Amino acid sequence: MGKRLLLVLCVTTFIMVVCKAMESEYYNPTGQYPDYGLVIDFRVKKIEPVIINGPVRKSPPRIPTVYLSADTLYFTEGASFDEIQLVAKDGEDEEVVYSSVVPYGEELFCLPDYFVGVYELRLLRGDYCFYADIEL
């Protein structure tokens, strides 16, 4: 019994060490990743209900992982959005200054390079809007 317990303890310790080593390769406290750029921290809100043909999903939407480098967006799981929008905010006023369809499964998307400043990036999927402030 003691040998089995020791074996389980050794295997568990080995797995923990390997997982910690793998985690440290990807962890970067500044939010910068050398290959992709800055991680965009999205929030989510529900927009006008859309008529759904099929079952109603009760689980919360999965927030996408998107990186920003200069004017290029990198989608780690591939894009699955109906529309992408850039919104200029001036106090309470909001104006959609850019809107485009994102091809399904697209891994990168280039925003026009003539936008400079802080904008709200919106990714629309069904009746959910993922939004974050970005600086171009």
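The values are calculated or read from the model by the stated rules, or taken from the named source; none is laboratory data. Computed from a predicted structure; not experimentally measured. Virtual Cβ from ideal backbone geometry, glycine too; neighbours counted across all protein chains shown.
Quick notes on this structure:
- Verdict on TYR114 being free of Cβ contacts under 8 Å to residues at least 24 places away in the same chain and either more than 17 Å from ILE40 (Cα to Cα) or touching a helix residue (DSSP H, G or I) at 6+ places or on another chain (Cβ under 7 Å) (or both): yes
- Residues within region 111-131 that are among the hydrophobic types (A, V, I, L, M, F, W, C) and crowded, with 17+ Cβ neighbours inside 10 Å, tallied: 6
- Residue count for region 71-110, restricted to those that are surrounded by 15 or more Cβ atoms within 10 Å (Cβ to Cβ), modelled with pLDDT of 90 or more and over 15 Å from LEU124 (Cβ atoms): 1
- Among the residues of region 21-35, not a single one is out of contact with any Ser or Thr (no Cβ under 8 Å at 6 or more places or on another chain), within 17 Å of GLU135 (Cβ to Cβ) and at pLDDT 75 or above.
- In this structure, ASP133 does satisfy being charged (D, E, K, R), part of a strand (DSSP E or B) and free of Cβ contacts under 8 Å to residues at least 60 places away in the same chain.
- Every condition in (1) modelled with pLDDT of 60 or more; (2) surrounded by 10 or more Cβ atoms within 10 Å (Cβ to Cβ) is met by PRO49 except one, and the failing one is (2).
- So TYR98, is it farther than 18 Å from VAL39 by Cβ, aromatic (Phe, Trp, Tyr) and in a loop (DSSP other than H, G, I, E, B): no
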